[in-house]
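Written below as structure tokens is the structure these notes are about.
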Amino acid sequence: MVDIHSHFLPGIDDGARDAAECAEMLRIAAASGTTHLVATPHADYRFHHDPEVARRLLDEARRAAPPGLDLTLGCDFHLMQDNIEAARETPRQFTLNSSRYLLVELSDMVIFPNTGELFGRLEEAGLRVIISHPERNPLLRQRPSLLREWVDQGRLLQVTASALTGEWGAATRNFARKLLAEGMVHFIASDAHGARGRTPRLDQARRWVELSYGEDFALRLFETNPRAVVEDRNLDPPEVLNCKPVAVRQPLWRRLLGPFGTASPTPAGSPKT
Ligand SMILES: [Fe+2]
């Protein structure tokens, strides 16, 4: 699996605290089936993104990584004026593995009325916007039509793996699943911040998607689409725009005994902020 959103670089933001926690996060990712992890340190009001510092930490993390786990650099780009200007000047200093794809986080305090125009300013610079974890944004949960509009205009959505399996509470889980069922999700990523809470595991969410919608659909969200991003390839329009999944009919025993079921899944873990 390819995970396009995680905070495993040590001491650079609110992710891994030190090299030991970074190494443990890498071990957890590899042990649960991830083969490519993109480091996405925050670029926001609290944390300044310095690609040179991040690259040096990435080189150190590579030396601690289990065999078979590729590590590359991106960032968690907060949609704010300074960032937009900097990204227009040197677009690829912020993108995922220096591709055209930019992981964009919106404020959960305010959604600017001109957000679509701000996306447009980034797109004028050749960037492709991936909106990160909309399911965890209470303002967006109240305005799903905005997300529909943006997706119809070609913006991509990344949902959090642990949101799908219930770790952020029922409202977030249900909205994540609604987006998925409506064919609006293009990537599932961990947004991992540590080795204990918010870990870089994707396997449980993948299992849930496989049980609900089948292996092909899960493959697209956990491998095919995110791999196209890190390899800077175009996502084929039919693959992106026509990704409405078809529910898989599971036997009753599997629905009752499966790890998260399909009809009325059990939340895993307690909500975090
Ligand atoms: Fe993040």
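The values are calculated or read from the model by the stated rules, or taken from the named source; none is laboratory data. Please read these numbers as outputs of a predicted model, since none were measured by experiment. Ideal geometry is used to build each Cβ from the backbone, glycine not excepted, and the neighbour counts take in all protein chains shown.
Determine whether the stretch 71-82 contains at least one residue that is over 20 Å from the mean Cα position of the chain (by Cα) and without any contact (Cβ under 8 Å) to a residue 24 or more places away in the chain. Looking for residues that are over 20 Å from the mean Cα position of the chain (by Cα) and without any contact (Cβ under 8 Å) to a residue 24 or more places away in the chain, one finds at least one in the stretch 71-82, hence yes.
The residue pairs whose first member lies in the stretch 127-155 and is under 15 Å from residue 96 (Cβ atoms), whose second member is away from the ligand (no atom under 16 Å from the Cβ) and hydroxyl-bearing (Ser, Thr, Tyr), and whose beta carbons are closer than 9 Å, counting only pairs six or more residues apart or on different chains, are 128/99. Quick one: in the stretch 78-96, of everything that is in contact with a helix residue (DSSP H, G or I) (Cβ under 7 Å, 6 or more places away or on another chain) and within 16 Å of the ligand (Cβ to nearest atom), which residue is farthest from residue 226 (Cα to Cα)? Selected residue: 79. Would you call residue 150 within 16 Å of the ligand (Cβ to nearest atom) and at pLDDT 95 or above? Spelling it out, it is not the case that residue 150 is within 16 Å of the ligand (Cβ to nearest atom) and at pLDDT 95 or above. Applying the selection to the stretch 176-203, what residues are within 15 Å of the chain's Cα centre (by Cα) and part of a helix (DSSP H, G or I)? Of everything in the stretch 176-203, those that are within 15 Å of the chain's Cα centre (by Cα) and part of a helix (DSSP H, G or I) turn out to be 176, 177, 179, 180, 203.
Being in contact with a Leu (Cβ under 7 Å, 6 or more places away or on another chain) and modelled with pLDDT of 95 or more: is that true of residue 30 here? Spelling it out, residue 30 is indeed in contact with a Leu (Cβ under 7 Å, 6 or more places away or on another chain) and modelled with pLDDT of 95 or more. Residue count for the stretch 101-140, restricted to those that are surrounded by fewer than 18 Cβ atoms within 10 Å (Cβ to Cβ) and not in a helix (DSSP H, G or I): 10. The set of residues in the stretch 156-190 that are of a type outside the set (Ser, Thr, Tyr), in contact (Cβ under 8 Å) with a residue 60 or more places away in the chain and within 24 Å of residue 219 (Cβ to Cβ) comprises 156, 158, 166, 167, 173, 180, 181, 182, 183, 187, 189. Considering 202, 164, the condition of being within 24 Å of residue 28 (Cα to Cα), among the aliphatic types (A, V, I, L, M) and in contact with a Gly (Cβ under 8 Å, 6 or more places away or on another chain) is satisfied by 202 alone. Give the residues of the stretch 98-126 that are more than 16 Å from the ligand (Cβ to nearest atom) and in contact (Cβ under 8 Å) with a residue 60 or more places away in the chain, sorted by residue number. If the condition is that a residue be more than 16 Å from the ligand (Cβ to nearest atom) and in contact (Cβ under 8 Å) with a residue 60 or more places away in the chain, then 98, 99, 100 are the ones that fit.
All conditions but one from (1) away from the ligand (no atom under 13 Å from the Cβ); (2) under 23 Å from residue 97 (Cα atoms); (3) not aromatic (Phe, Trp, Tyr) apply to residue 158; the one that does not is (1). Scan the stretch 199-221 and report the pairs whose first residue is without any contact (Cβ under 8 Å) to a residue 24 or more places away in the chain and whose second residue is assigned to a helix (DSSP H, G or I) and surrounded by fewer than 20 Cβ atoms within 10 Å (Cβ to Cβ), with Cβ atoms within less than 6 Å and a gap of 6+ or a chain change. Going by the 6 Å Cβ cut-off, the qualifying pairs are 218/210. Being over 15 Å from residue 71 (Cβ atoms) and in contact (Cβ under 8 Å) with a residue 40 or more places away in the chain is the filter; apply it to the stretch 22-41 and report the residue that is farthest from the ligand (Cβ to nearest atom). Restricting to residues being over 15 Å from residue 71 (Cβ atoms) and in contact (Cβ under 8 Å) with a residue 40 or more places away in the chain, the top hit is 33. Only one entry in 17, 56, 63, 46 is within 15 Å of the ligand (Cβ to nearest atom) and exposed (fewer than 14 other Cβ atoms within 10 Å of the Cβ), namely 46. Can we say residue 68 is away from the ligand (no atom under 14 Å from the Cβ) and at positive phi? Against the criterion (away from the ligand (no atom under 14 Å from the Cβ) and at positive phi), residue 68 qualifies.
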